[in-house]
């Protein structure tokens, strides 16, 4: 009988975090969540999660949220009808480095579901402490690729993104020397099939209407511009050590085939399942094993059609731009990511057009000085700061 793995969950109140808790509760004999970290914006949910799971430690990024969290514990316990002595209050870590401290605490797996490059520090902290890192924070790899790869031992990084989880599963189908190409699938987002000149007047509401996945604002808009696929391309290169020239992107609107690997003999192996993030989360937490209770499989008793089409690089230049940023290496992918975050914020605020998002990222990369390869987290943060300030300057200047 396999004993339960102890899991530290970073970003517990976000979409990935909530689904990870669901997976753990479906498989209590295999997974036990012992630590939680969150930004601190929703202390009520965080306290409820902590008491439901009986965790040892809770980390909040906002130092001022510690007292609010303490009160939230008592409120959550009262709601359950528990008297003060009926439960143990978890240890509280607070402040901007709280998640890093928690990530180094004893656990079998650290799931990093934090959004943004603030997830880089906790990833490095967990790796240095020898933890297996289930990585949903793509910015850790995109922004801090060199640092993360230098810190990670073979097999220490396990992907959570559905595409990279699919690639990891497909790669089991052959030896490393037999791999010819990786094929990332993209839904195409809400504007699939539109020409470049049909994207000028796109609204925030239209960009948020993703046809397949329910995600946060930044990720959803990144999926509409296909910046998200560009970030995943960089991530795939770093995770699997396959050259950029050997990684393709293909549009697959149904989001059933999550990615594919083509081998030297011409065989292509695909991973297919209904679009549900619980499967890649569960696999990452139990890797290399599969859990028995996760999600329903595909139903073969009903007819279905799967379509595949080449990516229109003229209408959606983000993937081509990301490939160039990845090949340039160093902090260039960090510049790409930071400029995009500023561009998305400006689009949401009505200060930038939809095509202007990727145009601004391209201009930032064109104008960037040679900042070299990062030697520490501060180098990455300095590069991002430059990109954000440059992007804001361009937006303000019209």
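The values are calculated or read from the model by the stated rules, or taken from the named source; none is laboratory data. Keep in mind that what you see is a predicted model, and the values were worked out from it rather than measured. No Cβ is skipped: glycine too gets one built from the backbone with ideal geometry, and neighbour counts run over all protein chains shown.
List of remarks:
- For the stretch 1-13, filtering for residues that are touching a residue at least 40 places away in the same chain (Cβ under 8 Å), over 15 Å from residue 61 (Cβ atoms) and assigned to a loop (DSSP other than H, G, I, E, B) leaves 1.
- The residue list 286, 236, 270 contains one member that is under 26 Å from residue 16 (Cβ atoms), buried (at least 23 other Cβ atoms within 10 Å of the Cβ) and either under 19 Å from the mean Cα position of the chain (by Cα) or touching a residue at least 12 places away in the same chain (Cβ under 8 Å) (or both), which is 236.
- Test: residue 117 is surrounded by 21 or more Cβ atoms within 10 Å (Cβ to Cβ) and farther than 27 Å from residue 260 by Cβ: yes
- When each of 223, 255 is tested for being on the phi > 0 side of the Ramachandran plot and either assigned by TED's automatic domain parsing to the domain that holds residue 178 or crowded, with 17+ Cβ neighbours inside 10 Å (or both), the lone residue that passes is 255.
For every residue, the table says whether it meets (1) in a helix (DSSP H, G or I); (2) touching a helix residue (DSSP H, G or I) at 6+ places or on another chain (Cβ under 7 Å); (3) crowded, with 23+ Cβ neighbours inside 10 Å.
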| position | (1), (2), (3) |
| --- | --- |
| 324 | yes, no, no |
| 327 | yes, yes, no |
| 330 | no, no, no |
| 339 | yes, yes, yes |
| 347 | yes, yes, yes |
| 361 | yes, yes, yes |
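- Contact annotation: no residue pair with Cβ atoms under 7 Å, 6 or more positions apart or on different chains, pairs a residue in the stretch 174-185 that is under 20 Å from residue 272 (Cβ atoms) and not assigned by TED's automatic domain parsing to the domain that holds residue 310 with a partner that is surrounded by 20 or more Cβ atoms within 10 Å (Cβ to Cβ) and at pLDDT below 95.
- Test for residue 230: is it at pLDDT 95 or above and at positive phi: no
- Residues within the stretch 126-150 that are assigned to a helix (DSSP H, G or I), in contact with a helix residue (DSSP H, G or I) (Cβ under 7 Å, 6 or more places away or on another chain) and either within 21 Å of residue 288 (Cα to Cα) or touching a residue at least 60 places away in the same chain (Cβ under 8 Å) (or both), tallied: 12
- Restricting attention to the stretch 361-398, the residues being over 22 Å from the mean Cα position of the chain (by Cα), more than 15 Å from residue 146 (Cα to Cα) and in contact (Cβ under 8 Å) with a residue 60 or more places away in the chain number 0.
- Of all positions in the stretch 312-322, at least one carries a residue that is surrounded by fewer than 19 Cβ atoms within 10 Å (Cβ to Cβ) and under 21 Å from the mean Cα position of the chain (by Cα).
- Candidates are the residues of the stretch 151-170 that are over 16 Å from the mean Cα position of the chain (by Cα) and closer than 18 Å to residue 110 by Cα; the one that is surrounded by the most Cβ atoms within 10 Å (Cβ to Cβ) is 152.
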